[in-house]
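The values are calculated or read from the model by the stated rules, or taken from the named source; none is laboratory data. The shown structure was predicted, so the numbers you read here are calculated from the model rather than taken from an experiment. Cβ sites come from the backbone with ideal geometry, for glycine too, and all protein chains shown count toward neighbours. Keep in mind that these areas ignore ligands, DNA and RNA; they rest on the heavy atoms of the full protein, side chains included. Shrake-Rupley method; radii C 1.70, N 1.55, O 1.52, S 1.80 Å.
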Amino acid sequence: MTRLLEEWEWDMVVEGDASPELLEVAAAQPDYQQRLRSIQAEERPFFHRLFRATCPPSLLLGEWHLALLSPGQQEEIRLHLADCPHCETDLAGLQQSLSEPLQASGKGGESWIRRVILKLESALGSAGSPTPAVALRGSSWSACYTGGEFMLTLTRESDPQGTALLGALLSESTTGKVLLRQSEGVQYQALLGEGATFAFKGITPGHYELVIATPTLELVVPDLDLAEA
Amino acid sequence: MISLQPELMDVDVLSTTCQEESSKFFRDEERDDRFCYELFRRALKLRNQHAWGALWNNYRNLVSGWLRKSSGFDSMTLTMDELITLSFERFWYAMSDPASFDRFASLPSLLQYLRTCCASTITDHLRRHTRERFLTDIDDAYYLASNEKPEHQLIEHEEQQRFWRKIQGLLNDDQEEALIQSYFLLGLKPRQIHKKYSHLFPDIQDVYRVKRNIMNRFRRDNDLKDFWQT
């Protein structure tokens, strides 16, 4: 007769710490899959609420680095850092960011990032109509956006996983990243490759903001309609 | 006639003079920090909105440069505009208590703090991504509906801490606290906990036995009943 596993032994199976013998016994249990699922589900809400719950906000780590805190707070954070690998990594990043002379970033009149809003100039729809339109319709189209001295062509195509979007920026050779964002944040990210082109595949239909970000420039298409055709 | 005493200057004049002195700062020339310091004081200590707007305009380029040079900037999924706004908001929010400003006796110390706000904005954004990745690993259905605004982050942090205090109240001794803290708060695996606290858990099975006891105790707790169902 197969012996029944203790609950903590099931936990070992889930974490991958079970011996081969224990795994064999677990696999023979009729409710094997169900037990694994229920143990995983049991812990999730705790991770959601507790993961890094006692880590100081990173600004506090910065204040600790600048010795701006009271002696008691300094000591409290020192103790936390000794125990928390995540905060140790955060602090290393902060210290690196703060290590240069203050004015290093402002020297030479370093320009700040220019932001240009691109507007729809013309579009060709999927019906094959050669007539330019002022709105995008259908599951495949090509469109031209302009703003300032910039011109961007976008092509929407059907994709087995959703929608594909191809883009080409008429510009001097530049590199950067391209983001497709919705109100809750960035959904997709692609690289602006050589020739200033980019491609997204498997996009979930919807409305997006498209941002092309280079070291000196942000080009934005504020309302890109990639909704279901 | 324009007074050369910063405390008596109109904000617009103060702002222009601050800009002039700042360009000397970037050329490593001798400069007078009193004008910029006064602009910061009016904006942050006196909460003067006009001065705050001038400060934003004067230092926006510098903030943008700091952000770009911050560790982790290349992994950002926010636009530069958003990062600048979040950094300034963080700076404003951190100085909401007038006494906070008194910690900074010089312009360089204020600028260093503003740069710390930039770096920590990026660090917090990376933190959220790490957290998302960690939670997605353990839960396919995980979705983080979070907000980057400093005040929301504070509320989220306080809620987490309140919950942690509740959990601490259910733990019996140092062994249990070390285990739950390492497992849920730091995300360590039982094997790592056994290694780190071999004096408390001589065998890896001890980690599992103690954890199971605690989880069963949590299950019996009336206050946590709702929590299990959410």
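Scan region A:3-70 for trypsin sites (Lys or Arg not before Pro) in coil per DSSP, keeping those whose Cβ has at most 11 other Cβ atoms within 10 Å, and list them by number.
Those that pass, being in a loop and sparsely packed, are A:Arg3.
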Across all Cα atoms of the protein assembly as shown, Rg and the largest Cα-Cα distance (Dmax), in Å, are 27.3, 101
Scan around A:Glu218 for amide H atoms under 5 Å from its own, H built in the peptide plane at 1.01 Å from N, and keep only partners 5 or more places away or cross-chain.
-> A:Arg114, A:Arg115, A:Val116
Dipole magnitude of chain A, debye to nearest 20 (Cβ charges: Lys/Arg +1, Asp/Glu -1, about Cα centre) | 1040 debye
Nearest 20 debye, what's the magnitude of the dipole of chain B about its Cα centre given +1 on Lys and Arg Cβ and -1 on Asp and Glu Cβ?
-> 900 debye
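What is the packing order of peptides A:195-201, A:79-85, taking the mean over residues of other C-beta atoms within 10 Å and listing the highest first?
Numbers: A:195-201: 16.6, A:79-85: 14.3.
Put in order of decreasing packing, that is A:195-201, A:79-85.
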Residue of A:Val186, A:Val13, A:Val178 that the Gaussian network model of chain A assigns the largest fluctuation, springs spanning Cα pairs under 10 Å | A:Val13
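Regarding chain A, what is the average projected area of its C-alpha convex hull, in nm²? Before the final figure, lay out the partial values.
Values: hull surface 85.9 nm².
Mean orientational projected area (chain A, Cα hull): 21.5 nm².
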Projected onto the charge dipole of region B:6-136 (+1 at Lys/Arg Cβ, -1 at Asp/Glu Cβ, origin at the Cα centre), which of B:His125, B:His50, B:Leu14 gives the Cα projection farthest towards the positive end?
-> B:His125
Relative intensity, log₁₀ I(q)/I(0), of region B:1-138 from a Debye sum that treats every alpha carbon as a point, q = 0.11, 0.13, 0.18 Å⁻¹ = -0.44, -0.59, -1.01
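Averaged across the residues of B:163-170, what count of C-beta atoms belonging to other chains lies within 10 Å of each residue's C-beta?
So the per-residue partner count for this stretch is 2.
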Scan region B:69-133 for trypsin sites (Lys or Arg not before Pro) in coil per DSSP, keeping those whose Cβ has at most 14 other Cβ atoms within 10 Å, and list them by number.
-> B:Arg103
As a Kirkwood estimate from alpha-carbon pairs, chain B has a hydrodynamic radius in angstrom of 21.4 Å
Identify unpaired cysteines across chain B, taking unpaired to mean no other cysteine Cβ lies under 4.7 Å from the residue's Cβ.
-> B:Cys117, B:Cys118
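How big is the Kirkwood radius of region A:1-81, worked out from every pair of different alpha carbons and given in Å to one decimal? The partial results should precede the final answer.
Numbers: mean 1/r = 0.0622 Å⁻¹.
The Cα-based Kirkwood calculation yields 16.1 Å.
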Exposed-site-free run, longest, chain B (rule: GluC sites (Glu not before Pro); DSSP loop; at most 15 other C-beta within 10 Å) | B:31-230
Most fluctuating residue of B:Ala105, B:Ala94, B:Ala119 in a GNM of chain B with Cα springs under 10 Å: which is it?
-> B:Ala105
Determine the residues within region A:209-229 where the difference in accessible area between the chain on its own and the full set of protein chains amounts to at least 40 Å²; count protein heavy atoms only and use a 1.4 Å probe.
-> A:Glu218
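Rounded to the nearest 20 Debye, what is the dipole magnitude of the protein assembly as shown about its Cα centre when Lys and Arg each give +1 and Asp and Glu each give -1 at the C-beta? The partial results should precede the final answer.
Numbers: 49 positive and 67 negative charges, 39 e Å.
The calculated dipole for the protein assembly as shown is roughly 180 debye.
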Note: A:3-15 gets an average of partner chain Cβ contacts (10 Å, Cβ to Cβ) equal to 4
Most fluctuating of A:Gly148, A:Gly16, A:Gly176 in the GNM of chain A (C-alpha, under 10 Å) is A:Gly16
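With viscosity set to 0.692 mPa s at 37 °C, what whole-number translational diffusion coefficient in µm²/s follows for region A:58-108 from Stokes-Einstein and a Kirkwood radius over Cα pairs? Intermediate values should be presented prior to the final figure.
Numbers: Rh = 11.9 Å.
D, rounded to a whole number, is 277 µm²/s.
How much area per residue is accessible in region A:7-50 when the probe is 1.4 Å and only protein heavy atoms are counted (Å²)? Working shown, then result.
On the way: 2250 Å² over 44 residues.
Accessible area per residue, region A:7-50: 51 Å².
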Built amide H within the under 5 Å cut-off of A:Gly176, gap 5+ | A:Leu192
What's the angle, to the nearest 10 degrees (0 to 90), between helix B:11-26's Cα axis and the longest principal axis of chain B?
-> 80 degrees
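Taking the solvent-accessible surface of protein heavy atoms with a 1.4 Å probe, what is the per residue accessible area of region A:58-108 in Å²? Walk me through the intermediate numbers first.
Working: 2530 Å² over 51 residues.
Each residue of region A:58-108 exposes 50 Å² on average to a 1.4 Å probe.
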What Cys residues in chain A are without a partner cysteine, judged by a Cβ distance under 4.7 Å?
-> A:Cys55, A:Cys144
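Leaving out ligands, DNA and RNA, and with a 1.4 Å probe, what % of the accessible surface on region A:7-50 is carbon or sulfur? Mind showing how you got there, number by number?
Working: 1100 of 2250 Å².
Carbon and sulfur together cover 49 percent of it.
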For region A:42-95, state which GluC sites (Glu not before Pro) are in a DSSP loop and have at most 13 other beta carbons lying within 10 Å of their beta carbon.
-> none
Set Lys and Arg Cβ to +1 and Asp and Glu Cβ to -1, take the dipole of chain A about its Cα centre, and tell me which of A:Leu66, A:Ala41, A:Thr204 lies farthest positive.
-> A:Thr204
Once the Cα gyration tensor of region B:169-224 is diagonalised, semi-axes √(5λ) in Å | 20, 11, 10
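How well do other chains shield peptide B:94-105, expressed as the mean number of their Cβ atoms within 10 Å of each residue Cβ? Before the final figure, lay out each step's value.
On the way: counts 5, 0, 0, 0, 0, 0, 1, 0, 0, 4, 2, 0.
Whole-number average of other-chain Cβ neighbours for B:94-105 is 1.
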